[in-house]
1. With a 10 Å Cβ neighbour count serving as the proxy for reagent exposure, in which order, fewest first, do His102, His192 appear?
2. DSSP loop (so not H, G, I, E, B), at most 14 other Cβ within 10 Å: list which chymotrypsin sites (Phe, Trp or Tyr not before Pro) in region 134-197 pass both filters.
3. Let me make sure I get this right: for region 98-175, a, b and c are the square roots of the gyration tensor eigenvalues over alpha carbons, sorted descending. Under 1.5 in a/c it's rounded, otherwise prolate if a/b > b/c, else oblate. Which is it?
4. With the Cα gyration tensor of the chain giving a ≥ b ≥ c as the square roots of its eigenvalues, does the rule (a/c under 1.5 for rounded; else a/b larger than b/c for prolate; else oblate) give rounded, prolate or oblate?
5. List the residues whose amide H sits under 5 Å from the amide H of Ser12, counting only those 5 or more places along or on another chain, with H placed 1.01 Å from N in the peptide plane.
6. Could you give the angle, 0 to 90 degrees to the nearest 10, between helix 78-90's Cα long axis and the longest principal axis of the Cα atoms of the chain?
7. Just checking the chain: which Cys have no other cysteine's beta-carbon under 4.7 Å?
8. Using a/c under 1.5 as the rounded threshold, could you call region 50-113 rounded, prolate or oblate? The axes a ≥ b ≥ c are square roots of the C-alpha gyration tensor eigenvalues, and prolate needs a/b larger than b/c, oblate otherwise.
Amino acid sequence: MITHRYCSQCGSGYPQSEEQPAHLRCVSCGAIRYDNPDVLTLAAVYAEDKLLLIQRGADPYKGKWALPGGYVERGESVEAAAARELREETGVNVDPYLFLAHGVISVTPINQVHVCLIAILDKIVEPIANEPEILAARWFSKDEYPLDNMWEPARNISAEAMFRPCVTRTISVIQQTDNAIRVIHTDVGLSHPWRNI
Ligand SMILES: [Zn+2]
């Protein structure tokens, strides 16, 4: 999804075509501009067998429910980004070190890679939606899970798979590649120590 029209080095226009090359090379100065996927982090936060979701207040997918999350910023770990986005969107504070790796979801049509993390809290914390970017934030039980009103990137993941970690207290891994998705169930528990590096 190349959208750049002008070279950032010399200002020359790129030739416009229907093709979507992996990178653009300026015909005037030779500078190469990459348009690599953006990395986003999604936080699947559970408490008391419920999952915290936000209702998006902006396009794309305005009005749809989604996991809290957003762009990983320069120099930021995905765990820190997840904690920051969660706090900004819902007012809920989670220690970044509580997050476990949960999913790697390539969304190639929109040139994004979503890294999904999971955290299980002891108790529900009442969320506060950060309007107008976030229309609402609330906890859903498995029976309430709004699959039909979830944003597009999450529509392939069933309530069963979404709630499995809090039901079984084990890690499952969600993997989405080009045109295929799988959920890998493990018997690995949710508690693991970190080792300093
Ligand atoms: Zn140039």
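Bear in mind these aren't lab numbers, they're just calculated from the coordinates by the rules spelled out. Everything numeric in this text was worked out from a predicted model, so none of it was measured. Virtual Cβ from ideal backbone geometry, glycine too; neighbours counted across all protein chains shown.
1. Least to most surrounded, the residues fall as His192, His102.
2. Working: sites: Trp139, Phe140, Trp151, Phe163, Trp194; in loops: Trp151, Trp194.
Qualifying residues, ordered by number: Trp194.
3. rounded
4. Judged from the Cα gyration tensor, the chain comes out prolate (a/c at least 1.5, a/b above b/c).
5. Distant-sequence amide H within range of Ser12: Cys7.
6. With both axes taken from Cα atoms, the answer is about 70 degrees.
7. So, Cys116, Cys166.
8. Oblate shape, in that a/c is at least 1.5 and b/c is the bigger or equal ratio.
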